[in-house]
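Just below is one structure, and these are the notes that go with it.
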Amino acid sequence: MISDKEYKKLLKQFHKLSDRHILVVETDMPSSDVQKVVILSDKIRKAGNELVGLMRKNYDQLMRTKKYRKLLKLYGSTNDKKKHRDLANQLNEMQKQYNVTWDHCRNAMIHIGKKYSIDAVFALTKAEDIWRGIEKCLYNNGKTIHFSKYGELPCIRAKQINRGISMSVKDNELKFKLKGNVFGIQVKDRFQTDEVCAVLEYLSRSEIINDKAINKFLDKAYCIDTYRPCYATLVPKFIRGKYRVYLHLTIEGKAKPKYDRFGNPRHKFGKGIIGADIGTQTVAYTSNTEVGLKNLSERGNSIQTSERRERLLYRAMDRSRRATDPQNYNDDGTVKKGRKTWKYSNHYKKLKAKHSELCRINAINRQLAINEDANHLRSLGDVFITEPKNASKLMKRTKDTTVNSKGKFHKKKRFGKSIKNRCPSGFQTTVERKFKVSGGIYIEVPNNYRASQYDHTADDYIKKKLSDRIYKLTDGTLVQRDWYSSFLLYCYDYRTKDIDKNKCISEFDKCYNKEKALIEWIKANKIKILNSGIKIS
């Protein structure tokens, strides 16, 4: 028999190791309650900004000291474990001295939360978010923490189901309570219904399900899906000129499978290897059954039109700003330095509302397109092989100033807009999550694999220019460069962590015929694939 103390300890360990997912549903709040949520969210934003200002000041003072910077340099260069520990202790002491600690952040937020009349649980959650940003600056590649702009509404989250946003069951329906206001949720589809039913079942049989989970955890070291509601979050959004509030319910376990209207599983899981070359704007892939080359984050042909409309609206906003505030600009058109006051015309406000709404729609379409592409790739195979993420490096401007043959300076800009519009890193993260959650394998090849430089017909690495999109192999075969990189990733040998040359030779003709058919189909349908080198007449 397990004692109550051991049982609670095991249950806590189970909760820590089990999977979690989020159910997003819209609330059925009346407009008066929605306004109260918006006001509370704005208070949390103001309180968060005050704490950001305080912690940012402390962090800047810490980084200004020569001693701390020297210790950081020594910590990064030494390999001795004992020295590492001593240097880490010295760094921690300096962080305490300059009040860059979690305790100071939490205690400061208590006083700020009382000033803005925010519940302690909401204030603590916001403090955790800000401290996560400070940790990124201290221990990762973060530069600074940022303030939230006016109009940005942070979520209202309480990391305990019985505090802040409490949950109850009434007439076999989930009900939530925030500061005396009781509200429900709008369940609109089969997936949401299945999720809510699973949560209701857990709440009605919580002790039995917990016992079952502990027994499985002890016998097979396996976490079952309990569908225990962990905590709730309210997310206010401004959509088409109206505020709407969504509830994000964090649930223990994996999400329920989705079905179509005929009762068939919506997503199929394939078997086999997929090699994918993810560029800044496109993705090329090769699998046992299919090869592909398509633009990232694109649903139909609408995204390019939307991006153009977004740019035109932004330019119109800039013209309006310059017309109403000429005193804030220099003669050459650049913005003056120092503090400035801005006046915004009604025309500018209308343009800004249109631009914000269009950006929101485009962001949703990008996310839907990414999910659709990730699900399609999962249906082709269960082993996904790609190169490591490098979008953040490609966004950086080059430091070297170079001149071309005519004496003109080369542009220093990189792929910032492409990455913003196409989200290659977000796509790669989504694919990684989809494969791991569904029992697949996600592999990133080593940096020395160099799929874009290898030529299997010559068995050698041949450096190519970035502008060479159609490449001729040494035997005279013309291949699209991105697709060929995906083919070489498809031929990855995970045992040797190198290219499987025998597989390259045996599989090339079959995959190459598919690639030729794909390019003919792209040309016949006049599909514009960005930076592919495929010319459409």
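Throughout, read-outs are computed from the coordinates displayed, never taken from laboratory work. For clarity, every value in this text was computed on a predicted model and none was experimentally measured. Cβ coordinates were reconstructed from backbone atoms using ideal geometry, including for glycine residues, and neighbour counts include every protein chain displayed.
Fewest Cβ neighbours within 10 Å first, please rank Tyr285, Tyr150, Tyr492, Tyr442 accordingly.
Tyr150, Tyr442, Tyr492, Tyr285
Strictly over 28 Å apart at the Cα level, which of Lys16/Lys237; Lys413/Lys497; Lys159/Lys188; Lys220/Lys271; Lys9/Lys143 would you flag in this model? If you can, show how the numbers build up before the last one.
Working: Lys16/Lys237 31 Å; Lys413/Lys497 34 Å; Lys159/Lys188 26 Å; Lys220/Lys271 26 Å; Lys9/Lys143 39 Å.
Result: Lys16/Lys237; Lys413/Lys497; Lys9/Lys143 exceed 28 Å.
Could you tell me what % of all Cα pairs in the range 261-310 have separations over 13 Å?
Working: 873 of 1225 pairs.
Tail of P(r) above 13 Å: 71 percent of Cα pairs.
Quickly rank 342-353, 104-115 as a protection proxy: mean count of other C-beta atoms within 10 Å, highest first.
Values: 342-353: 13.6, 104-115: 16.6.
The most tightly packed comes first, giving 104-115, 342-353.
In whole Hz, what ³J(HN,Hα) sequence does the range 381-392 give by Karplus (6.51, -1.76, 1.60; θ = phi - 60°), x for Gly and Pro?
Those phi angles translate into x, 10, 10, 10, 10, 8, 8, x, 5, 9, 5, 5 Hz.
Antiparallel DSSP bridges in the range 378-522: what percent, to the nearest 5? Mind showing how you got there, number by number?
Values: 8 of 12 bridges.
Here the share of antiparallel DSSP bridges comes out near 65 percent.
Roughly what % of DSSP beta bridges within the chain run antiparallel, to the nearest 5?
Once the DSSP bridges in the chain are tallied, antiparallel ones form about 90 percent.
Could you point to the label whose value was computed as Rg/Rh (Cα atoms, Kirkwood Rh) for the structure here, given [x] 1.00; [y] 0.96; [z] 0.98?
[z]
Whole number please: convex hull volume per residue, Cα atoms of the range 38-150, in Å³. Provide the component values of the computation, followed by the final result.
On the way: hull volume 11.4 nm³, N = 113.
It is 101 Å³ per residue.
Contact order normalised by length for the range 38-150, with contacts defined as Cα pairs under 8 Å and 6 or more residues apart; what percent is it?
On the way: 87 pairs, mean separation 43.2, N = 113.
In percent, rounded to a whole number, it is 38.
Counting only pairs 8 or more residues apart or on different chains, how many lysine pairs in the range 35-114 have their Cα atoms under 15 Å apart? Could you put the intermediate results ahead of the total?
Working: Lys43/Lys114; Lys46/Lys114; Lys57/Lys96; Lys67/Lys96; Lys70/Lys83; Lys73/Lys83.
The result is 6.
On a straight-distance basis, which aspartates and glutamates could pair with Lys177 in a cross-link, Cα separation under 17 angstrom, same-chain partners fewer than 8 positions away excluded?
Correct list for Lys177: Glu26, Asp28, Asp33, Asp119.
Rounded to the nearest Å, what's the spacing between the alpha carbon centres of the range 181-237 and the range 124-160? Just the number, please.
28 Å
Over the chain, what is the mean sequence separation of C-alpha contacts under 8 Å (at least six apart), divided by residue count, expressed as relative contact order in percent? Write down the numbers at each step before the final one.
On the way: 735 pairs, mean separation 75.4, N = 537.
Relative contact order, the chain: 14 percent.
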